[in-house]
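For reference, the structure discussed in these notes is given below.
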Amino acid sequence: MTQTIAEAINDLFVNYKAKGLMRDCGPCPMCQQPMMVFVNTQTGDDRSLPACPSCGYKESNGTKQHHEDLSVNALKNDAYNYLVNSSAIGDTDVLNKKFSNYQVVNDKQAQAKALAERIADKAASGDVVHGIFSGATGTGKSHLSMAIVYQVLEATHYKQKIAFIDIRELITQIKRGFKDQNIARHYDRVLDKAKQADLVIIDDLGSETTGTNSGDEASRFNLEIVTELLQARMNKSTVISTNLTSNDLINIYGERIVSRMMAHSQGYVMKFDELADYRIKGAV
Ligand SMILES: Nc1ncnc2c1ncn2[C@@H]1O[C@H](COP(=O)(O)OP(=O)(O)O)[C@@H](O)[C@H]1O
Ligand SMILES: [Mg+2]
C-alpha cells in the first residue's frame, strides 16, 4: 500500500496516541490542526513542548508568553481606539494624566487619590459605580478622572470600553456639526457610544450652562443633550467632575436623574474644595 509521507506520519501519531506516548493539546495557532506533546508514560507528565504535525509549528518556552503579549496588545489597541473615537476631549494634555504623575503632598490629595483608586477598582470589577468629584477649577478633578481611565483599562487587561466626555467640547462639536456633516456624524456616534460604554467620564458637568440663560434656546438644547447622556448612564459606571453643588445639579438636571445617580455614589463622592488651584499655587 502506498502512502504519502503525511499519511505515514499521521499513522505514526495515531499509533503513539493509542499507546499513550503522545496526546492532543489544542489547536495550532498557525493552521488550527491539533498540536501534540510527548507524554512520559510513567508519570503522565508532558515530555516535550507542543508541536504541530501538520505545519511543523513548534511552541518554544517563550511562545505562550509571546502570544499572550500579542493578544493583550491587540486588546490594548482596540481599547485605545475606542477611547479616542468615543471621546470628546478639548485639551489633549489630559491624556497624559495618570496616577503615576499625580503628586501627593497633602492629606486632601492623598484622600482624593485613594478615592479615585477605589472608584477604579470598583469599575474594573464590573460593579456599577458613580464617582462624583466636585469643587473649584484647577484642583485635579480631570487629572484623577483620566487616571481612573488608564487604571481600569490596565486592571481589566484592556477589556472595558471607556469614553472621556468633556461636556463643553461635546456641545461645541455637536454645534459645529450643524454646518459639517462629517463632524455631525462623528459626534452622533460619540454620544451613542458614551451612552453604552462600560465606563464614562463626564468631565466638567455644568460647564455647558455658562454663557447661556436658562430657558433660552441654546440652554434648552445643551440641557437636552446632557440629560440624554446622564439618563443613559444612570445604571452604568460613570465618573462626573463638576464645579456645581448637589443643589445646583438638582436644579439643573432634576431630582429624578440626580437622585438616581447619587444612589450608586455613596462613599464615592469627593469635594475638592480645600485644594488650591494647582496651576496657580502649586501643589500645596
Ligand atoms: N496633585 C497633582 N499632581 C500633579 N498635577 C496636578 C495635581 N493636581 C492638579 N494637577 C495639574 O493641574 C492642572 C489642573 O488640574 P485639573 O485636573 O485640570 O483640574 P480640574 O479638573 O479640577 O479643574 C492639570 O494640569 C493637572 O495635571
Ligand atoms: Mg477639569
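The values are calculated or read from the model by the stated rules, or taken from the named source; none is laboratory data. All values derive from a computational prediction rather than experimental measurement. Don't worry about glycine lacking a Cβ; one is built from the backbone with ideal geometry, like all the others, and counts go over all protein chains shown. Calculation scope for accessible area: heavy atoms of the full protein, side chains included, ligands and nucleic acids excluded. Shrake-Rupley method; radii C 1.70, N 1.55, O 1.52, S 1.80 Å.
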Quiz item: Of the residues in the range 82-94, how many are under 16 Å from Leu199 (Cβ atoms) and in a helix (DSSP H, G or I)?
Solution: 5
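Yes/no per residue for (1) more than 15 Å from Ala88 (Cβ to Cβ); (2) touching a Gly at 6+ places or on another chain (Cβ under 9 Å); (3) small (Gly, Ala, Ser):
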site: Arg185; (1), (2), (3): no, yes, no
site: Val190; (1), (2), (3): no, no, no
site: Ala194; (1), (2), (3): no, no, yes
site: Glu208; (1), (2), (3): no, no, no
site: Gly215; (1), (2), (3): yes, no, yes
site: Asp277; (1), (2), (3): yes, yes, no
Exercise. Collect the residues in the range 6-44 that are under 40 Å from the mean Cα position of the chain (by Cα), at pLDDT 80 or above and either acidic (Asp, Glu) or not in a strand (DSSP E or B) (or both), keeping them in residue-number order.
Key: Asp24
Exercise. Considering every residue within the range 124-137, establish whether at least one is modelled with pLDDT of 95 or more, part of a helix (DSSP H, G or I) and assigned by TED's automatic domain parsing to the domain that holds Ala197.
Key: yes
Quiz item: Which of the following residues is outside any loop (DSSP other than H, G, I, E, B) and either over 21 Å from Ser145 (Cα atoms) or open to solvent by 10 Å² or more (accessible area, probe 1.4 Å) (or both): Lys159, Lys193?
Solution: Lys193
Quiz item: Residues Ile225, Ile171: which one is away from ligand 1 (no atom under 16 Å from the Cβ), in a helix (DSSP H, G or I) and surrounded by fewer than 20 Cβ atoms within 10 Å (Cβ to Cβ)?
Solution: Ile225
Exercise. Could you please give the count of residues in the range 93-108 that are open to solvent by 50 Å² or more (accessible area, probe 1.4 Å), more than 7 Å from ligand 1 (Cβ to nearest atom) and under 18 Å from the mean Cα position of the chain (by Cα)?
Key: 4
